[in-house]
Each structure stands twice: as structure tokens, then as C-alpha cells.
Amino acid sequence: MERGRYGEFATLLAQRRIELEAALAAGDRRVEAIRSARSDTPADDEHDPEGSTLSGEWSAAIGLRDAAGQELAQIALAEARLDGGTYGVCEICGSEIPLERLRARPAAARCVRCASP
Ligand SMILES: [Zn+2]
């Protein structure tokens, strides 16, 4: 299937999506594991060092999972732009996003100038 000059990015986006879906699933499992470890510890154990380690791990796991979820959403938008023929066009200024930038960040919706105020 010919998708023009952005054909390679359909593959890149699909690969990235697979990685992110795995990361998201791993994040979910991690969050669930910490949730069940927490429910095993008594509620009045707030100053237990293990308890605070768990909340640190909890924040880190939530952060990683949410980051994967957000990037997945960006991938979905990029795939929609690819289908709609607007992929590679800056959503702010309308100029073409350089291919080197897209290769580094296939989900980029803005050129470097518009992405960094
Ligand atoms: Zn721009």
C-alpha cells in the first residue's frame, strides 16, 4: 500500500504502539501489585519505612503508566493524521515538520519552533 512520503511512519507508529501497549499493561500490573501489597499492611502503619517505599513505588508506577497512556493517545492522533493526509504538518503554523524530527518523534504534531515556545 502506497502512503506517500510518510509511509515509513505508519510502521514506526505501529511499532511504538506495540511497545507502549506492553508498557501500559506492565504499568497496570505493577500498580495492581502495589495496591494488593498495600492492602496487606495495617492502615495505622504510615510511618513504616516499607510503607513509604510503597508509596514512592506507587507514584512511580502511576507516573510510568500515565506517561505510556498519554503517548499512546498521541500515537492514535498521529495515525489519524496519517489517514487524513495531514501527518507531518505542524498543527500550529502549518509548515512541514522535518522528516528527521518525525523519525525521532513519530507522534510529533508540531515543528520544533512551535513545540518550544
Ligand atoms: Zn510550527
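The values are calculated or read from the model by the stated rules, or taken from the named source; none is laboratory data. In this text, all values refer to a predicted model and were calculated from it rather than measured experimentally. Don't worry about glycine lacking a Cβ; one is built from the backbone with ideal geometry, like all the others, and counts go over all protein chains shown. Remember, those area values only see protein heavy atoms, side chains included, never the ligands or the DNA or RNA. Shrake-Rupley method; radii C 1.70, N 1.55, O 1.52, S 1.80 Å.
Points to keep in mind about this one:
- Region 4-87 shape via C-alpha gyration tensor axes, a/c threshold 1.5: prolate
- Given charges at beta-carbon only (K, R positive; D, E negative), |dipole| of region 71-117 in Debye: 180
- A simple rule links phi to the HN-Hα coupling: the Karplus curve 6.51 cos²θ - 1.76 cosθ + 1.60 with θ = phi - 60°, which for region 95-100 gives 7, 6, 7, x, 4, 4 Hz, with x for Gly and Pro.
- Mean Cα-pair separation over length for the chain, i.e. relative contact order, pairs under 8 Å, 6 or more apart, %: 29
- Distance between modelled label sites at ALA80 and ILE92, nm, 7 Å Cα→Cβ extension: 2.1
- Electrostatic dipole magnitude of the chain [Cβ: Lys, Arg +1; Asp, Glu -1; Cα centre; debye, to 20]: 860
- The angle separating the long axis of helix 49-84 from the principal Cα axis of greatest extent in the chain is about 20 degrees.
- Distances between placed amide hydrogens fall under 5 Å for VAL89 paired with ILE97, all partners being 5 or more residues away or on another chain.
- Heavy-atom accessible area ranking, 1.4 Å probe, most first, across ILE97, ILE92: ILE92, ILE97
- GNM result for the chain, Cα springs below 10 Å: residue of ARG29, ARG17, ARG65 fluctuating most strongly: ARG29
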